[in-house]
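Report on the structure given below.
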Amino acid sequence: MSVLSSRTQRILEAPVLPLLLSLAAPNIGEAAARITFLTADALFVSWLGSDALAGVAVVFPLFLILQTATASGIGSGVSSAIGRALGAGEHARATSLAGVAVAIALIGAGLTTALLLIAGPHLYAAMGLAGRPLEMAILYGGVLFGGAGFVWLMNLLANVSRGAGNMMVPAFAIAIGEGFHLALSPALILGWGPFPALGIMGAALAALSAYAVGATVLVLHLVSRQALVRLRLGTIRFRRDEAVAILSVGALSAASATLFQITTFFVAGLLSVLGSSAVAAYGAANRLEMLQYPITFAFGSAVITMVATAAGARDVDRVRRVAWTGAAVAAAIGLLFTAVALFGGRWMGLFTADPAIRDMGALYLLCQAAVFPFTGAGLACYFACLGIGFVSGPFILATVRLILIVGGCWLALSLTGNAMAAFAAIALGIAFFGASLLIMMRAKLRQIGGR
C-alpha cells in the first residue's frame, strides 16, 4: 500500500464540518453557474419567438436528463470509486479508474448521440410538435445531442477531480464554460460582430460551448503535475474491474436521477386535467424545488468524496460522522427553502401577474413547505450511500417515490378533482422518500460498523 497524499490525509483527519463546508464552497459557485445556464438559455431562445420556445421546451428536458445522469449519476460512481481507491492507498488504481472513466464517457457519448439523433425527431413529434416548432426542435436537438460527447467528458472528468478531493478545478471549469455560453449565445443567435446569425442552431452551439470549454480546462488540469490523480493516455481503455467499480454505483445512480426528472413530467401531465393555469402554476412553483437540488448537490459532492475516502480507509466512525453531518447541513439548507415557500405568493410573483396562477402556485408551495428539510437530509443520505458503494436501496426508494407521487397525485385528482389534495399527495411522497433514506442510511451504517 502506498503512502497517502497530504490531501487524502486531510480528508481522513480534518474536523468534519469545517472540511465539509470548505470542500462544498467551490461547488456553490458551480451550482450558481448551473442555475445561470438554465435561466439564460431560456432567455436567449425566447428572442427567436414562440416556435423556438415550443421546440426547445421539448428538447431541453431530455438534455437535462443527460446532464443529470452523467453528472450526479455515472459521475457519482466515478468520484466514489476514486475516493475509495485513494482512501485505501491504491493510487495506481485511482489513475486507472480515471482512464476508464474517459473510456466510459466516449462509449456513452457515442450511444447517446446515435440514439437521440435517430429517435429524437420521432419523439418530438410524438410529444405533439408539428410544423415550424418541430423543425426548430430537430435543429436544436440535432446540434445539442450531436455534441453529447462534451457533456459526458466534462461531467465525468469533473468527478475524477472531485473524487481526489479537488472541488475548485471543476467549479472553475464550469464557471469558465458558462462565461463562454453567456458571451456566445447572443453573438451566434443574432449574428453579432464576425459571427453569422445562426438562430436556434446558434443557441445550441453556445450551450455546447460551456461543456467543450469546461472539458478542455479539466483535461489540462488532469494531465498536469498539480492533479493528484493524473490522466494518462495509456489508461484510457475499458477495463472490466474498474468499469464495474464505477458502474455498479453510477448506473443505478443515473437511473435514480432520471426518475427524479421523469416524476416532474408525469405530475405536470396529471395536473393538466385542472387546466393550463394549474400546469403553469406547478411549473413555476416547482422551480424552487429545482433550485434545491443543485445547491444540495454542492454539499453532496463533498459528502461522497469524504465518505468514500473514509470507507476506503475502513474508518467507519468517520463515515458515520460525515454522513450525519452532511444530512444536518442539507436539512438546514432545506429550512431556507421552507422560509421561501411560506411566502409562496412572492415567489410566484417573480414569474406571473395572473392571480389564479399565482395563488395556485402559492398553495402548492405551502403544501411543500414542511418537506424541504426532509428532501435535503434525504439527498445527503443518498450521496453518503453512494460514497460507500450502496446504491440498490436508494434506487428502490427512488422508484417507490415515483410511484407514490404519481400514483398519489392521480388518486387524489380522481377522487376529489381538487388541487390541494393532489399537492398534499405529492408532499407525502417526497417526505416518505426523505425519511426512508434517513432510516436506510442509519441501518446501513450500523451494518458496516458491525453493530
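Report yes if LEU386 is touching a residue at least 24 places away in the same chain (Cβ under 8 Å), in contact with a helix residue (DSSP H, G or I) (Cβ under 9 Å, 6 or more places away or on another chain) and over 19 Å from VAL322 (Cβ atoms), otherwise no.
Spelling it out, it is not the case that LEU386 is touching a residue at least 24 places away in the same chain (Cβ under 8 Å), in contact with a helix residue (DSSP H, G or I) (Cβ under 9 Å, 6 or more places away or on another chain) and over 19 Å from VAL322 (Cβ atoms).
Any residue at all in segment 406-422 that's among the small types (Gly, Ala, Ser), crowded, with 21+ Cβ neighbours inside 10 Å, in contact with a Cys (Cβ under 8 Å, 6 or more places away or on another chain) and more than 28 Å from VAL249 (Cα to Cα)?
The answer is yes, given that some residue of segment 406-422 is among the small types (Gly, Ala, Ser), crowded, with 21+ Cβ neighbours inside 10 Å, in contact with a Cys (Cβ under 8 Å, 6 or more places away or on another chain) and more than 28 Å from VAL249 (Cα to Cα).
Could we say that SER161 is crowded, with 18+ Cβ neighbours inside 10 Å, over 22 Å from the mean Cα position of the chain (by Cα) and of a type in the set (Ser, Thr, Tyr) here?
Against the criterion (crowded, with 18+ Cβ neighbours inside 10 Å, over 22 Å from the mean Cα position of the chain (by Cα) and of a type in the set (Ser, Thr, Tyr)), SER161 does not qualify.
When you scan segment 243-294, how many residues do you find that are of a type in the set (Val, Ile, Thr), under 30 Å from SER79 (Cα atoms) and either touching a residue at least 60 places away in the same chain (Cβ under 8 Å) or touching a Ser or Thr at 6+ places or on another chain (Cβ under 7 Å) (or both)?
5
Yes or no: segment 26-35 includes at least one residue that is at pLDDT 85 or above, buried (at least 22 other Cβ atoms within 10 Å of the Cβ) and in contact with a Ser or Thr (Cβ under 6 Å, 6 or more places away or on another chain).
So far as segment 26-35 goes, no, none of its residues is at pLDDT 85 or above, buried (at least 22 other Cβ atoms within 10 Å of the Cβ) and in contact with a Ser or Thr (Cβ under 6 Å, 6 or more places away or on another chain).
LEU153 - would you say it is more than 20 Å from the chain's Cα centre (by Cα) and on the phi < 0 side of the Ramachandran plot?
no
Could you look through segment 428-451, keep only residues that are surrounded by fewer than 17 Cβ atoms within 10 Å (Cβ to Cβ) and of a type outside the set (A, V, I, L, M), and pick out the one that is modelled with the lowest pLDDT?
ARG451
Residues GLY110, GLY146, GLY99: which one is more than 20 Å from the chain's Cα centre (by Cα), in the same structural domain as ALA212 (by TED's automatic domain parsing) and closer than 23 Å to SER185 by Cβ?
GLY146
Restricting attention to segment 69-77, does a residue exist that is at pLDDT 75 or above, closer than 23 Å to VAL316 by Cβ and either buried (at least 24 other Cβ atoms within 10 Å of the Cβ) or not aliphatic (A, V, I, L, M) (or both)?
Scanning segment 69-77 turns up at least one residue that is at pLDDT 75 or above, closer than 23 Å to VAL316 by Cβ and either buried (at least 24 other Cβ atoms within 10 Å of the Cβ) or not aliphatic (A, V, I, L, M) (or both).
I'd like the full set of residues that are in contact (Cβ under 8 Å) with a residue 60 or more places away in the chain and either surrounded by fewer than 18 Cβ atoms within 10 Å (Cβ to Cβ) or in contact with a strand residue (DSSP E or B) (Cβ under 8 Å, 6 or more places away or on another chain) (or both), limited to segment 187-199.
The one that is in contact (Cβ under 8 Å) with a residue 60 or more places away in the chain and either surrounded by fewer than 18 Cβ atoms within 10 Å (Cβ to Cβ) or in contact with a strand residue (DSSP E or B) (Cβ under 8 Å, 6 or more places away or on another chain) (or both): LEU190.
Scan segment 67-83 and report the pairs whose first residue is farther than 17 Å from GLY149 by Cβ and whose second residue is assigned to a helix (DSSP H, G or I) and among the basic types (Lys, Arg), with Cβ atoms within less than 9 Å and a gap of 6+ or a chain change.
Partner pairs satisfying both residue conditions: SER79/ARG162; ALA81/ARG93; ILE82/ARG93; ILE82/ARG162; GLY83/ARG162.
Determine whether segment 191-205 contains at least one residue that is modelled with pLDDT of 90 or more and in a helix (DSSP H, G or I).
yes
The values are calculated or read from the model by the stated rules, or taken from the named source; none is laboratory data. Since this is a predicted model, take the numbers as computed values, not measurements. As a convention, Cβ positions derive from the backbone with ideal geometry for all residues, glycine included, and neighbour counts pool all protein chains shown.
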